[in-house]
């Protein structure tokens with residue numbers, strides 16, 4: 001589900017373009033804003049078809065949920081819920097305690113379902129003529145979240161796969 005290859009990155013971009021540019025009429029440079037290569041993306045597929053995605057950016061003491069998109073033909077499924085749950089779990093696995101995001105009024109109840117709250121003193125604002133509110137959520141990191149002092153190999157492993165051996169470990173085993 002974590003985008004690790006250029007092929008998966010392109011699939012994610014296709015989903016976002018279909019939803020935000022095709023349906024919501026955002027301009028290309030509004031949707032692809034220069035933050036995509038500095039973020040982690042999750043991609044969901046249905047029967048091999050790219051169907052949904054979400055972007056997460058990581059800051060000092062919080063992670064920001066962004067750009068949740070599910071193609072129209074998959075919206076009656078639980079895909080959006082699964083993507084957000086997976087994104088929250090990834091943040092918990094990284095040790096984050098606070099999540100942040102923006103939501104339009106029409107999608108606010110969806111985010112409230114996950115425990116997000118409208119940020120105190122967070123006045124509504126507009127972005128590209130789209131009215132938004134700030135949301136926050138407090139979360140608890142997983143007991144086995146990645147931490148400084150863990151086995152150094154954990155931090156070499158691919159994003160989201162910190163408890164699974166990686167290619168470098170397998171190569172080291174073969175070399176011994």
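The values are calculated or read from the model by the stated rules, or taken from the named source; none is laboratory data. Not measured: the values here are computed from a predicted model. As a convention, Cβ positions derive from the backbone with ideal geometry for all residues, glycine included, and neighbour counts pool all protein chains shown.
Listed values, structure above:
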item: Matching entry among 87, 80, 25 (being assigned to a loop (DSSP other than H, G, I, E, B) and either in the same structural domain as residue 117 (by TED's automatic domain parsing) or over 17 Å from residue 1 (Cβ atoms) (or both)); result: 25
item: Unique residue being out of contact with any helix residue (DSSP H, G or I) (no Cβ under 7 Å at 6 or more places or on another chain) and under 24 Å from residue 158 (Cα atoms) when the list is 99, 108, 90; result: 90
item: Leading residue by the ranking (modelled with the lowest pLDDT) among those in the stretch 69-89 that are surrounded by 13 or more Cβ atoms within 10 Å (Cβ to Cβ) and over 22 Å from residue 140 (Cβ atoms); result: 77
item: Some residue of the stretch 51-58 being assigned to a loop (DSSP other than H, G, I, E, B) and surrounded by fewer than 21 Cβ atoms within 10 Å (Cβ to Cβ); result: no
item: The stretch 117-166, residues that are surrounded by 12 or more Cβ atoms within 10 Å (Cβ to Cβ) and in a helix (DSSP H, G or I); result: 153, 154
